[in-house]
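Scroll down for the structure; my scribbles are underneath it.
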Amino acid sequence: MAGGTPSLREFVVLVVDDDADGLAAATQLVEALGCGALAASSCDDALAILGSGAHVDLVLSDVVMPLASGVMLARLVRERRPDLPIVLTTGHPHAIEAVTEIGAIPLIKPYPMERLEAVLAEALHVAREPPPD
């Protein structure tokens, strides 16, 4: 594991991306950090998973998606589960303001596994363990 955060294993992340390759890559990174992962290819799919009663500790979504963006997804999630942490990934720095305005955490793409781990740990209030000497 990248930075030694074994307690991330307790968490389930809902990964949302309309791009199949992006969804697969993000899901693999989340799983490599020890988290459980649920995958959704659209805002509607993500909302259906959340509405199904599935256990989800955090939403990790791309910003740019057709029909409903990650920002729209975050707004809809906030209405249903106001305390659920949301991380929105984007390759467009101009989108950061919209992400932070809705109370989500921005993550600029491309991001290394260590950055993803740090952001998830922060969002989930997990104390990161220092790497061994």
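Nothing in this text is a laboratory measurement; each read-out follows from the coordinates by a stated rule. Predicted model, so just to flag it, every value in this text is computed and none were measured. Glycine also receives a Cβ, built like all others from the backbone with ideal geometry; neighbour counts cover every protein chain displayed.
Okay, here's what the table says:
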quantity: Computed label-point distance, nm, for sites GLU10 and ALA32 using a 7 Å Cα→Cβ extension; calculated: 2.5
quantity: Dipole of the chain, positive end: most advanced residue of ILE86, SER7, ILE108 [Cβ charges, Cα centre]; calculated: ILE86
quantity: Counted charge near VAL56, where neighbours are those whose Cβ lies closer than 12 Å (Asp, Glu -1; Lys, Arg +1); calculated: 0
quantity: For the chain, convex hull volume per residue from C-alpha positions, Å³; calculated: 97
quantity: The stretch 1-124 - charge dipole about Cα centre, Lys and Arg +1 at Cβ, Asp and Glu -1, debye rounded to 20; calculated: 200
quantity: Virtual spin-label span in nm between MET113 and MET72, 7 Å along Cα→Cβ; calculated: 3.5
